[in-house]
Amino acid sequence: MPVVALFAAVLLLGVADSMINSYIVLFGADEAGLTPIRIGVWSSVFAIAGMTISWWLGRRFDRRPARRYAVVVILLGAAGYLVLPRVTSFPVLLLMAATVLGAMGAAFPQLFTLARAVLGEGAAGQRSAPLLRTAWSLAWAGGPLLGALVLSRGGYDALMQMAAAVFVLCALVVLTVPRPGPVTTVHPAPGGTPVLLTASVTLFFTAMFAGSLALPLFVTRALDQGPAAVGVLYSVCAAVEVVATLGLAAVPERVSQRTLILGGFGSFVCYFAVTVVSTGMPMLVAGQVLRGVGIAVVGAAGIRYFQDLLAPATGRATTLFSNATTAGLLVSGVLAGVAVDRFGYRTTLLLCGVTAALGAVAFALGTPAAERLRRPVVHSGRSSDG
């Protein structure tokens with residue numbers, strides 16, 4: 001079944017991605033000898049390259065759907081990570097981040113785009129985003145632990161080799177997915193970008209990433225909990241996220257996606273509110289339940305909403321959502337660092353809640369106008385294009 005292969009591909013991609021990205025900063029500092037500023041520049045080049053390549057491939061996919069885009073970027077990334085442990089030159093590291101490593105950033109939206117193209121615009125296609133998002137959450141629940149085990153036994157060489165092998169396996173699995181067919185429409189897809197909706201996603205993920213930076217410091221320094229408490233909290237969030245994402249696939253089609261996503265925003269705002277007033281682990285754990293629900297709903301239903309809204313331009317829609325997420329990551333680090341330094345942990349978390357609330361407002365205001373741009377779509381067929 002195509003959905004099984006797609007689920008496996010996203011799971012493998014997520015395992016390899018989490019193995020690498022959980023320790024890439026430490027690699028830069030310990031092995032490549034990069035200063036914090038250079039690590040920041042390197043990370044930014046990664047993100048910008050990923051956004052650019054994702055945008056380009058998303059447009060290409062809409063014109064000529066194919067599996068090869070995902071396969072090529074995954075294999076490029078695998079080759080890059082095999083070479084990476086032997087590189088210490090900062091200019092070369094930047095060049096790799098802008099090309100072979102940055103290309104890996106396009107793999108995630110390409111797999112979600114491929115799923116929608118192969119499974120079609122019916123119920124199966126609409127449920128593909130929650131199902132694949134579940135695979136991604138499962139991968140990130142176990143991938144960092146696997147990476148830690150490999151790193152402790154074989155160092156960064158072994159870590160990169162293991163991740164590269166998983167990436168290659170992922171590419172092979174993608175080749176078992178049926179070839180997508182050309183998409184035909186009664187009317188052309190809407191040409192305008194849903195600016196407010198895109199801004200809402202960026203605001204949501206800015207709050208998420210900034211909160212992830214502030215929360216461990218708040219828990220360990222302001223509430224005097226041990227470092228292990230942070231791991232417990234993130235494990236609770238990951239478990240809830242998996243269950244909630246699976247639940248999304250079972251939500252009846254008659255339920256408004258707009259209402260569902262606004263509920264996800266609301267759950268995320270409540271997470272920050274509960275966390276800010278927390279004095280111990282019980283309330284912190286309750287907050288992580290709300291956080292897991294919010295991330296699951298906005299992360300999975302959000303992709304599906306963008307795909308529905310901009311259909312049949314599935315590549316453009318998925319890339320737009322993915323790049324909005326990456327944009328949130330780009331701006332969150334600096335903003336969170338400044339906020340923690342100037343205002344403290346609790347106020348930073350409160351500001352994250354305000355940012356998420358602004359995202360909810362942007363989504364609520366942006367959906368009516370954006371939905372008026374929708375056009376009727378005729379289902380896609382199959383072709384021999386690879």
- Item | Qualifying residues in region 121-162 (those that are among the charged types (D, E, K, R) and surrounded by fewer than 20 Cβ atoms within 10 Å (Cβ to Cβ)) - the one farthest from Ser322 (Cα to Cα) | Arg153
- Message: Could you go through region 75-92 and let me know if any residue there is in contact with a Leu (Cβ under 7 Å, 6 or more places away or on another chain) and either without any contact (Cβ under 8 Å) to a residue 12 or more places away in the chain or surrounded by 24 or more Cβ atoms within 10 Å (Cβ to Cβ) (or both).
- Response: yes
- Across region 61-108, the tally of residues that are modelled with pLDDT under 95, touching a Phe, Trp or Tyr at 6+ places or on another chain (Cβ under 8 Å) and within 15 Å of Thr176 (Cα to Cα) stands at 0
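Just checking, which of Val230, Val236, Val219, Val242 is more than 19 Å from the chain's Cα centre (by Cα), closer than 22 Å to Gly143 by Cα, not assigned by TED's automatic domain parsing to the domain that holds Val10 and not in a loop (DSSP other than H, G, I, E, B)?
Val230
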- Message: Looking only at residues that are of a type in the set (A, V, I, L, M, F, W, C) and closer than 17 Å to Pro182 by Cβ in region 109-130, which one is modelled with the highest pLDDT?
- Response: Leu114
- Query: Only one residue in Ile295, Ile303 is in a helix (DSSP H, G or I) and farther than 24 Å from Val277 by Cβ, so which one is that?
  - Reply: Ile303
- Note on the structure: Condition set surrounded by fewer than 19 Cβ atoms within 10 Å (Cβ to Cβ) and within 15 Å of the chain's Cα centre (by Cα), scope region 10-46, selection modelled with the lowest pLDDT: answer is Ser22
- Failed criterion for Gln225 (all others in (1) in a helix (DSSP H, G or I); (2) out of contact with any Pro (no Cβ under 7 Å at 6 or more places or on another chain); (3) in contact (Cβ under 8 Å) with a residue 12 or more places away in the chain hold): (1)
- Task: Quickly run through region 57-67 and pick out the residues that are touching a residue at least 40 places away in the same chain (Cβ under 8 Å) and surrounded by fewer than 18 Cβ atoms within 10 Å (Cβ to Cβ).
- Result: Arg59, Arg60, Arg64
- Query: So is Ala47 in contact with a Ser or Thr (Cβ under 7 Å, 6 or more places away or on another chain), under 20 Å from Pro144 (Cβ atoms) and aliphatic (A, V, I, L, M) or not?
  - Reply: yes
- Evaluate region 163-183: report whether one residue or more is more than 30 Å from Ala66 (Cα to Cα) and either modelled with pLDDT of 95 or more or buried (at least 21 other Cβ atoms within 10 Å of the Cβ) (or both). no
- Note on the structure: Residue pairs qualifying under the 8 Å Cβ cut-off, at least six apart or on distinct chains, with the first in region 162-181 being assigned by TED's automatic domain parsing to the domain that holds Ala107 and among the basic types (Lys, Arg) and the second being modelled with pLDDT under 95 and surrounded by fewer than 23 Cβ atoms within 10 Å (Cβ to Cβ), are none
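The values are calculated or read from the model by the stated rules, or taken from the named source; none is laboratory data. Values in this document were obtained by computation on a predicted structure and should not be read as measured data. Using ideal geometry, Cβ is built from the backbone for each residue, glycine included, and neighbour counts are taken over all protein chains shown.
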